[in-house]
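Worksheet for the structure shown next.
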Amino acid sequence: MRRPVRWMTALALAAALAVSSAPVTAEPAVPLTPLRAQGSALIDGYGRTVLLHGVNTVDKDAPYLQPGDGFTLTDASAATLARHGFSTVRLGVSFDGLMPTEGVVDTAYLDRVENVVDTLAAHGIYTLLDNHQDGLSKIWDGNGFPEWAIRARPADGEPNPGFPLFYLMPSMNAGWDEVWNNTYGVLNHLGVALGALAERMNGRASVLGIELLNEPWPGSPFLTCYPDGCPDFDVKYQRALQQLTDAVRARNATVPVLWEPNVTWNESMPSHLGKNPPITSPNIVFSPHDYCIPSQLAIYLGLPEELRALCPAQQDLTWSNIDSFADRTDIPTMVTEFGDGDPTVLRNTIIRADERFVGWHYWHYRSGDGDPFRGDLGRELVRTYPRATAGTPDSMVFDSGTGDFAYRYRPRPASAPTEIYVSDLFHPDGYEVKVTGGQVTSSPGARIVTVEADSTDPVTVRIHRPGSAGADLPSAGGTGSASGFPWLSSGSAG
């Protein structure tokens with residue numbers, strides 16, 4: 001395999017075994033480039049398969065994203081995220097903030113969003129811009145849609161049980177019906193607002209994409225979504241997603257657009273997006289959430305925490321739905337919310353994501369949190385992982401008990417090497433890296449290990465504690481067969 005000239009010097013100095021005792025800051029080895037969907041993979045401008053690990057930061061209350069509010073990400077908080085290997089932030093934006101007055105985009109709000117995006121980019125972090133809502137609007141003590149955009153109002157004496165049960169309120173369902181029917185042009189206005197956001201982000205390589213709407217509720221047809229999803233509603237919902245996608249693409253032709261299933265997905269209902277009609281627009285990414293409903297009931301309704309024992313079975317069903325969607329559509333998946341403070345429930349998500357080479361955004365982080373990524377939480381989230389692969393991933397193992405990591409991939413031509421972030425929590429004072437089928441091209445002790453393949457044969461990388469035997473990988477698949485990650489074939493990513 002031909003290697004870029006700029007890596008030849010480093011390659012000549014590298015060894016297949018490197019022992020480190022001087023960790024460095026987690027900075028990008030090469031500049032960020034725009035990402036694109038190619039088959040079921042995300043690909044960067046160097047031709048590498050990208051895996052993203054990150055966090056949510058969502059400011060739900062006006063005035064949004066104010067400097068010094070303890071919420072808006074700062075240079076210091078971005079540095080904390082980068083040090084722990086997080087490569088993306090799902091930044092909440094609000095329709096209410098974008099267009100507080102009907103038909104008028106708030107450019108000062110766009111300035112503040114732009115500032116956070118640029119702050120994160122300076123630390124090598126991609127931003128996903130998430131059009132966030134919970135409970136439709138402040139009309140119902142929720143957030144997201146401006147009050148002028150929705151005509152429905154609570155009836156006199158109508159009880160409001162708060163999140164999440166307020167979605168059952170008849171008046172809120174009437175408000176959602178206005179959205180999906182575009183009764184008073186609300187989708188048109190939202191398209192204008194998201195188009196303005198997309199236009200402002202033109203030329204910013206660090207913008208991962210725009211997520212059209214967080215946790216959309218079906219409105220009055222919600223009962224039709226149980227127990228097997230709601231194909232009729234999803235046809236209408238997909239038309240709305242396509243309308244918003246077209247509005248974004250009219251102002252920014254290349255930015256990826258993320259489509260989230262309707263929120264009954266969180267209760268294990270499958271999505272029927274992409275069935276009627278198929279998803280044909282380029283650069284679309286599926287953005288499901290993975291929450292355990294029994295655990296959520298314990299948090300929000302005070303039910304017994306022992307219910308969390310049911311989480312593995314429910315999360316297996318969620319991931320089965322993800323598998324079905326991926327098989328049907330052949331577009332990338334990124335889990336854009338998961339985690340509720342219970343490390344066991346959180347680990348259920350991450351293990352299943354690792355098995356499929358799927359990226360994620362943990363809920364939740366803000367600048368005022370300082371550095372919460374320690375203890376049991378950090379042991380799951382601050383992982384050694386291949387954030388960019390010059391090839392097709394085949395198999396990956398990370399042991400959150402020891403920090404031992406192993407990875408195998410099938411090389412293909414790329415203009416930058418494979419990059420593997422090494423967890424600063426598990427390996428603060430050094431690590432060993434062993435490579436077969438390739439060479440380490442980074443300096444000893446680098447927080448980002450870079451690897452170049454020797455040929456077209458599979459490359460295996462092991463990173464572990466000095467003296468450890470390291471993690472084991474399952475047997476490699478045969479040449480030309482499907483990879484260990486069921487959605488990634490040599491064709492889809494190459």
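Residues in region 358-416 that are under 27 Å from Leu73 (Cβ atoms), of a type in the set (Phe, Trp, Tyr) and touching an Asp or Glu at 6+ places or on another chain (Cβ under 9 Å): Trp360, Tyr362, Trp363, Tyr385, Phe398.
Against the list (1) surrounded by 20 or more Cβ atoms within 10 Å (Cβ to Cβ); (2) modelled with pLDDT under 95; (3) of a type in the set (Asp, Glu), the condition Glu306 fails is (1).
Consider region 204-234 and keep the residues that are in contact with an Asp or Glu (Cβ under 8 Å, 6 or more places away or on another chain) and without any contact (Cβ under 8 Å) to a residue 40 or more places away in the chain. The one that is surrounded by the fewest Cβ atoms within 10 Å (Cβ to Cβ) is Thr224.
Please work out if Ala122 is surrounded by fewer than 23 Cβ atoms within 10 Å (Cβ to Cβ), under 30 Å from Tyr46 (Cβ atoms) and not acidic (Asp, Glu). Yes: the conditions hold for Ala122.
Give me the residue from region 394-403 that is in contact with a strand residue (DSSP E or B) (Cβ under 8 Å, 6 or more places away or on another chain) and surrounded by fewer than 23 Cβ atoms within 10 Å (Cβ to Cβ) and, out of that set, nearest to Val459 (Cα to Cα). Give the derivation first.
Initially, region 394-403 is screened for residues in contact with a strand residue (DSSP E or B) (Cβ under 8 Å, 6 or more places away or on another chain), giving 394-399, 402-403.
Still in the list and also surrounded by fewer than 23 Cβ atoms within 10 Å (Cβ to Cβ): 395, 397-399, 402-403.
Numbers: Ser395: 11, Val397: 14, Phe398: 17, Asp399: 20, Thr402: 23, Gly403: 20 Å.
Per the stated criteria, the residue is Ser395.
Based on what the data block shows, is Val255 on the phi < 0 side of the Ramachandran plot and touching a Leu at 6+ places or on another chain (Cβ under 6 Å)?
Working: on the phi < 0 side of the Ramachandran plot: yes; touching a Leu at 6+ places or on another chain (Cβ under 6 Å): no.
So Val255 fails the test.
(1) on the phi > 0 side of the Ramachandran plot; (2) touching an Asp or Glu at 6+ places or on another chain (Cβ under 9 Å): which one isn't true of Met201, the others all being true? It is condition (1) that Met201 fails. In the set Gly375, Gly391, Gly359, only one residue is modelled with pLDDT of 95 or more and on the phi > 0 side of the Ramachandran plot; that residue is Gly391.
Quick one: which residue in Ser287, Ser295, Ser271 is hydroxyl-bearing (Ser, Thr, Tyr), in contact with an Asp or Glu (Cβ under 8 Å, 6 or more places away or on another chain) and more than 22 Å from Gly359 (Cα to Cα)? First the steps, then the outcome.
On the way: Ser287 fails: more than 22 Å from Gly359 (Cα to Cα); Ser271 fails: more than 22 Å from Gly359 (Cα to Cα).
Within the list Ser287, Ser295, Ser271, the selection yields Ser295.
Please go through region 413-438 and give me each residue that is within 17 Å of Ala388 (Cβ to Cβ) and either modelled with pLDDT under 95 or over 25 Å from the mean Cα position of the chain (by Cα) (or both), ordered by number.
Filtering region 413-438 for residues within 17 Å of Ala388 (Cβ to Cβ) gives 413-423, 433, 435, 438.
Listed by number, the residues that qualify are Pro413, Val433, Val435, Gly438.
Apart from one condition, Gly124 fits all of (1) touching a Pro at 6+ places or on another chain (Cβ under 7 Å); (2) farther than 26 Å from Leu381 by Cα; (3) not basic (Lys, Arg); (4) not in a helix (DSSP H, G or I); the exception is (2).
So which residues in region 163-180 are in contact with a strand residue (DSSP E or B) (Cβ under 9 Å, 6 or more places away or on another chain) and within 9 Å of Gly219 (Cβ to Cβ)? Outline the logic, then answer.
Start the filter on region 163-180 by keeping residues that are in contact with a strand residue (DSSP E or B) (Cβ under 9 Å, 6 or more places away or on another chain), which leaves 163-164, 172, 175, 179.
Scanning region 163-180 gives Met172, Gly175, Val179.
Among what's in region 235-263 and is part of a helix (DSSP H, G or I) and β-branched (Val, Ile, Thr), pick the residue that is surrounded by the fewest Cβ atoms within 10 Å (Cβ to Cβ). Out of the qualifying residues, it is Val235. If I filter region 171-209 down to residues being of a type in the set (Val, Ile, Thr) and over 26 Å from the mean Cα position of the chain (by Cα), which single residue comes out as farthest from Pro31 (Cα to Cα)? The qualifying residue farthest from Pro31 (Cα to Cα) is Thr183.
The values are calculated or read from the model by the stated rules, or taken from the named source; none is laboratory data. Quick caveat: nothing in here was measured; it's all calculated off a predicted structure. Using ideal geometry, Cβ is built from the backbone for each residue, glycine included, and neighbour counts are taken over all protein chains shown.
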